[in-house]
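Quick note: the coordinates plus some simple rules give every number you see, no bench work behind them. In this text the structure is predicted, and so the values were computed from the model without any measurement. All Cβ positions, even for glycine, are placed from backbone atoms using ideal geometry, and neighbour counts span all protein chains on display.
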Amino acid sequence: MTHQQTADLYDPLGCADPPDELDYSIPGDIVQIFKGEEGIERAVIRTRNPRPDWVCANPDPMAPDAGRVATTIDYRGQFFQISDVQNQGVTTEYILEPWPEGEIHRRVETYSRGAELYRRSYEVGFSQALVKARFLTVFYPIIGMLPRGVLAALVQRIPINIDTAVFWNCILEASVGIFFLFVGRFVRGIANLAGSEGPLGNNVLGVSLWLWVTIAPLLLIDALIRYRMLRRTGQIYGNLLLELIWRFTPGTKN
């Protein structure tokens, strides 16, 4: 099939001017190139992969793109503006015209085979990362206790909300502290009323009650400090004991 035959699929009546060149280098896209005396004077991109981040230079005031910064397309070393976007059934058509001289490029997008392949591979990788992030949502109360160095490394790989993770860990830690305090205080009081041995001799789950009472305030204080720092200053910290271990462990980053 020749290039002209392929173009005829989009113009069955043969009314449109034939393009000077067709670019098939980008998988899934067909670019019709119309050349002038000083290079490409117009290019039409027909694709089944719409680019929602591409914004027209002169959008309709009532269009969703109104007020957004226009996108500059860098194609074959020449800068273009998107003059129009048309939906052609299952395909989308982007009409590119040379960027006006003297105007500033605010958002430049490179349109080439390498750039598009990278963008699509990134989108696939990002969608997979989103699936992992949704799976890890149920583990936020546990993830939030990790040192902030670990959280920073984790968020670079998986788009989790570390603020929410730290918040729910503070809630969990405070709840565990209250539970330990209840076990230590009330169970020991009941044991003393029952005439059993002294407080140090009373055990719950094989752990001395005094240890339960000692751990509970530490958990409550840790949760309160981290929660106040998160809400007032926006600083994120994991469990303070783990933060100290992380900070003074050789080879780790603060």
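Taking a sphere under 14 Å around the Cβ of F79 and counting the other residues whose Cβ falls inside, with K and R at +1 and D and E at -1, yields a net charge of -3. Protection proxy ranking of 238-249, 214-225, by the mean of other Cβ atoms within 10 Å over each peptide's residues and highest first, is 214-225, 238-249. Protection proxy ranking for 166-175, 23-32, using the average of other Cβ atoms within 10 Å per residue and placing the highest first: 166-175, 23-32. When peptides 107-118, 145-156 are sorted by average Cβ neighbour count within 10 Å, with the highest value leading, the order is 145-156, 107-118.
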